[in-house]
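The block underneath contains the structure these notes are about, expressed in structure tokens.
The values are calculated or read from the model by the stated rules, or taken from the named source; none is laboratory data. All figures in this text were calculated on a predicted structure; none of them were measured in a lab. A quick note on method: Cβ atoms are made from the backbone with ideal geometry, for glycine too, and the neighbour counts reach across all protein chains shown. Heads up: the accessible areas ignore ligands, DNA and RNA and are worked out on the full protein's heavy atoms, side chains in. Shrake-Rupley method; radii C 1.70, N 1.55, O 1.52, S 1.80 Å.
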Amino acid sequence: SRDWSSDVCSSDLSLRVPLVYVNQVGANDEILFDGGSFAADAKGGIIARLPLFSSGFSVVSVEQGGAPAQLVAPPEEMEVLHRGLVRGIHDYFDRTGFRSAVIGLSGGIDSALVAVLASEALGPERILGVAMPSQYSSAHSLADAEASAQALGIRFEVRPIKFLFSAANRELGEGRGGL
């Protein structure tokens with residue numbers, strides 16, 4: 001996402017008339033609307049900017065000399081990405097009617113990041129973290145998964161899969177000399 005208000009209102013693109021840009025907020029199928037509505041005066045100066053990824057309301061006067069309304073500073077690029085991911089997860093669960101999520105926690109950064117985003121979007125009480133150690137898992141990764149769950153306040157369970165892995169390996173490797 002970018003701060004489109006800066007591009008639209010730059011001096012070389014100035015329309016010489018006031019401009020009010022209104023954008024919706026939230027997920028709609030595969031599209032995520034980021035909000036970020038803004039208003040500019042006839043000189044291209046931003047006189048109002050609403051937040052990204054949350055609803056906002058402002059009354060704006062676009063007449064010459066009108067006092068600036070609500071100015072919300074645009075967030076940094078990583079914050080925009082963070083807000084967008086959280087909003088997208090939240091709206092997807094709202095739209096589909098899913099009440100909770102089960103997340104595989106390996107102890108690695110990927111699963112920890114997913115757990116953080118899901119916890120923020122849905123609330124920790126709606127998340128179950130499941131560690132599924134196999135014969136290849138270290139005790140350290142299991143401890144890290146549990147520490148992540150505790151830090152986030154999500155429920156945590158351990159469901160070993162070494163026997164499932166052995167059965168799948170046996171079934172899929174039969175006639176092929178193993179996997």
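Of all residues in region 161-174, which are open to solvent by less than 100 Å² (accessible area, probe 1.4 Å) and either of a type in the set (A, V, I, L, M) or modelled with pLDDT of 95 or more (or both)? Explain how you work it out, then say what you get.
Taking region 161-174 and keeping what is open to solvent by less than 100 Å² (accessible area, probe 1.4 Å), we get 161-162, 165-169, 173.
If the condition is that a residue be open to solvent by less than 100 Å² (accessible area, probe 1.4 Å) and either of a type in the set (A, V, I, L, M) or modelled with pLDDT of 95 or more (or both), then Ile161, Ala167, Ala168 are the ones that fit.
Here is a yes/no grid of residues against (1) in contact with an Asp or Glu (Cβ under 9 Å, 6 or more places away or on another chain); (2) of a type in the set (Phe, Trp, Tyr); (3) at pLDDT 90 or above; (4) part of a helix (DSSP H, G or I):
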{"residue": "Ala69", "(1), (2), (3), (4)": "no, no, no, no"}
{"residue": "Tyr92", "(1), (2), (3), (4)": "no, yes, yes, yes"}
{"residue": "Ser106", "(1), (2), (3), (4)": "yes, no, yes, no"}
{"residue": "Leu117", "(1), (2), (3), (4)": "no, no, yes, yes"}
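Condition first: more than 29 Å from Leu32 (Cα to Cα), at pLDDT below 90 and either in a helix (DSSP H, G or I) or open to solvent by 80 Å² or more (accessible area, probe 1.4 Å) (or both). Can you find one or more residues in region 147-156 that meet it?
Within region 147-156, not a single residue is more than 29 Å from Leu32 (Cα to Cα), at pLDDT below 90 and either in a helix (DSSP H, G or I) or open to solvent by 80 Å² or more (accessible area, probe 1.4 Å) (or both).
Go through region 92-121 residue by residue and tally those that are without any contact (Cβ under 8 Å) to a residue 24 or more places away in the chain and out of contact with any strand residue (DSSP E or B) (no Cβ under 7 Å at 6 or more places or on another chain).
Here is the first cut: in region 92-121, the ones without any contact (Cβ under 8 Å) to a residue 24 or more places away in the chain are 94, 96-98, 109-110, 113-114.
Okay, now just the ones that are also out of contact with any strand residue (DSSP E or B) (no Cβ under 7 Å at 6 or more places or on another chain), so 94, 96-98, 109-110, 113.
Qualifying residue count for the region: 7.
Would you confirm, using the coordinates I've provided, whether Leu179 is open to solvent by 80 Å² or more (accessible area, probe 1.4 Å), in a helix (DSSP H, G or I) and over 19 Å from His90 (Cα atoms)? Full working, then the answer.
Details: open to solvent by 80 Å² or more (accessible area, probe 1.4 Å): yes; in a helix (DSSP H, G or I): no; over 19 Å from His90 (Cα atoms): yes.
The answer is no for Leu179.
Does Val116 satisfy being within 16 Å of the chain's Cα centre (by Cα), aliphatic (A, V, I, L, M) and open to solvent by 30 Å² or more (accessible area, probe 1.4 Å)? Reasoning before the result, please.
Details: within 16 Å of the chain's Cα centre (by Cα): yes; aliphatic (A, V, I, L, M): yes; open to solvent by 30 Å² or more (accessible area, probe 1.4 Å): yes.
When the stated conditions are applied, Val116 passes them.
Could you go through region 132-140 and let me know if any residue there is outside any loop (DSSP other than H, G, I, E, B) and out of contact with any Phe, Trp or Tyr (no Cβ under 8 Å at 6 or more places or on another chain). Steps first, please.
The first filter runs over region 132-140 and keeps only residues outside any loop (DSSP other than H, G, I, E, B), leaving 139-140.
Next, from what is left, pick out any that are out of contact with any Phe, Trp or Tyr (no Cβ under 8 Å at 6 or more places or on another chain): 139-140.
Looking through region 132-140, at least one residue is outside any loop (DSSP other than H, G, I, E, B) and out of contact with any Phe, Trp or Tyr (no Cβ under 8 Å at 6 or more places or on another chain).
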